[in-house]
Amino acid sequence: MCIMKKLLTLLLAAGMVVSAANGASAVEMKVSGSWLTSFSFTNNLYGEDGLVDYKKGDGKGSGHFNAAQRVRINFNMVASESLSGRVQLQAANGEASPGYYTWGSGSTGGSGKAVTARLAYLDWFIPTTDVLVRMGRQETAMSFYTFGSPVFAGVIDGVVVNAPINDMVGVTFSWLRPNATINRWDKPHTAHSSIDLAYLSVDVAADGFKLTPWGMIGFAGSNAAKGITMEDGDVVRPDSSYFGEAGTVVDFDGFDRTTGKPVLVDADGNVVAAKYVDSRTLLYWVGIGGELTLFDPFKFTADFVYSGNNADGYAERDGWYAALGAEMKTSFATPFVRGWYASGDDADSKGSKRMLSIKEGGTFDASAIYFDAYALLGATIDKCSPAGTWGVQAGVKNVSFIEDLTHALSVTYFQGTNNSNRLDGYDAAWYAEPDDVTYMTTKDSAWSIDFLSSYKLYQNLTANLLLSYLITDFDENIRPLGDGHYKFDNAFRGTLNFTYAF
């Protein structure tokens, strides 16, 4: 009820603004949006967001039922074909919400948090040209053809310029700011915390093929990623998508040579001093992707990206990703096969050999229970990047024998590419957590089976049923827990979703 009151209030306010401005210039208001309601049952994916027990690998995640809802409403304020603005309001569960709220969780957010502006941008064409400029908080995705973007696909602040050169070639340039802190009277300011990125892509399209070479470069301030911190008496080394496993830490003053593990806390409980990146760090991505449809009904896709930074020691990170795909479209179904390989961490390097991503914001969609396919507000481990894994997938989509009813089935095998020594604490400061199921080594593998059925109940209302099963084969011997080892069981996810798009 509170959500609806807030939405009605904002609708009335928007109408008043448009009415007040009507005397000066006519603005057409267009409303669109989506309303998702989902009911999910999971096993070994226990927790409100489906991450808690299974991600920590204790194997105790029992069956769990969850009901969730998400409302997004777009207000398009169109002055002309050359000028418009969009604000997208989202009903969520506060600042820490994953973009939806769960039924029965109490209040849907504190004052000012229940309804937020997820998108807010201005579209305008440079006068007398076809060059489109989009400024503000917007949805942006790096160009990939085989799977969802392993680098970034989501909401980000910035300026994007699309300039068509001719009927075949178009150029896109972007300035993006994924991270920054502001200097305000009531907020502490963290200097050198901004990350700024410049993106350039060239889209080439003709009969039978598309090709997109692209590149991105940026700088991260010395305080853009956290280093060693203390939490409840435990040492925390947060993994950064821009730096190595140890965040911005590049070296330690001391460690226990007997155990080979860091001595981070002295007798008084103080964290041992560490050296941090003390200057701006260069970040870079270079990629190319495309699709070939010349041999219709066959379509072939390919992607490649290499990324890294110029940091030293434990903060260094660089890696690559490649993917290939093929499918054949028929009158009743589209069978497909595709695969990928992404570099993983070596046994003897201080830094990380996994590719970089922006704020861990990829949408890699090789699995609906482990990666980021068919979310539908249901529980998932939600690993958004393929970094440190390789895999192959076969399936069929767009299967339809009854009008308005479609099916999709895929079977995916994937394995880690990170060296298993990373779980053994071999280095003073660089080792991965043995209880993290999202970090797969060459001794870890899994199968994902995903089945999705979609039925159009009405023109604007679709019912979706997703069934996913994850079969794990993790080497427990390299994942110690006291005198024993961490256990990883198989997992299940079933989601019934209703999507109202208007």
Heavy atoms only, 1.4 Å probe, whole protein assembly: order Leu465, Leu356 by accessible area, highest first.
Leu465, Leu356
Provide the solvent-accessible area of Ile471, counting protein heavy atoms only and rolling a 1.4 Å probe, rounded to the nearest 10 Å².
60
If Lys and Arg each add +1 and Asp and Glu each add -1, what is the summed charge of the other residues whose beta carbon sits under 10 Å from the beta carbon of Tyr469?
0
Is the shape of the range 288-418 best called rounded, prolate or oblate, per the rule: a/c under 1.5 gives rounded, else a/b larger than b/c gives prolate, else oblate, with a ≥ b ≥ c the square roots of the Cα gyration tensor eigenvalues?
prolate
Given R₀ = 45 Å, FRET efficiency for Lys487-Lys456 by Cβ-Cβ distance, to 0.05?
0.60
Between the range 445-473 and the range 333-400, the Cα center-to-center distance that results, in Å:
16
Let's test the formula: R0 of 45 Å, r as the Cβ-Cβ distance of Ala501 and Leu282. What FRET efficiency results, to the nearest 0.05?
0.60
Using label points projected 7 Å from each Cα along Cα→Cβ, tell me how many nm separate Ser331 and Ile126, to one decimal.
4.9
Could you state the accessible area per residue of the range 291-425 in Å², with a 1.4 Å probe and every protein chain left in place?
40
Neighbourhood net charge (10 Å Cβ-Cβ; Lys/Arg +1, Asp/Glu -1) for Ile156:
+1
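Using just the alpha carbons, could you tell me how many Å³ per residue the convex hull of the range 330-403 encloses?
Once divided by residue count, the hull of the range 330-403 is 123 Å³.
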Between their Cα atoms, which of Lys299/Lys456; Lys299/Lys383; Lys359/Lys383; Lys443/Lys487; Lys299/Lys329; Lys329/Lys397 are more than 18 Å away from each other?
Lys299/Lys456; Lys299/Lys383
Residues in the range 280-311, backbone N under 19 Å from the label point at Met168 (7 Å along the Cα-to-beta-carbon vector): list them, ranges by number please.
289-295
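Once R0 is set to 51 Å, what does the formula 1/(1 + (r/R0)^6) return for the Cβ-Cβ distance between Ala26 and Val411, expressed as a FRET efficiency to the nearest 0.05?
On the way: r = 55 Å, r/R0 = 1.07.
That pair, Ala26 with Val411, gives E of 0.40.
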Around Val204 (Cβ within 14 Å, Cβ-to-Cβ, excluding Val204; K/R +1, D/E -1) the net charge comes to -3
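The values are calculated or read from the model by the stated rules, or taken from the named source; none is laboratory data. These numbers were taken from a predicted model, which means no experiment stands behind them. Every residue, glycine among them, receives a Cβ derived from its backbone with ideal geometry; neighbour counts consider all protein chains shown. With ligands, DNA and RNA removed, areas are computed over all heavy atoms of the protein, side chains included. Shrake-Rupley method; radii C 1.70, N 1.55, O 1.52, S 1.80 Å.
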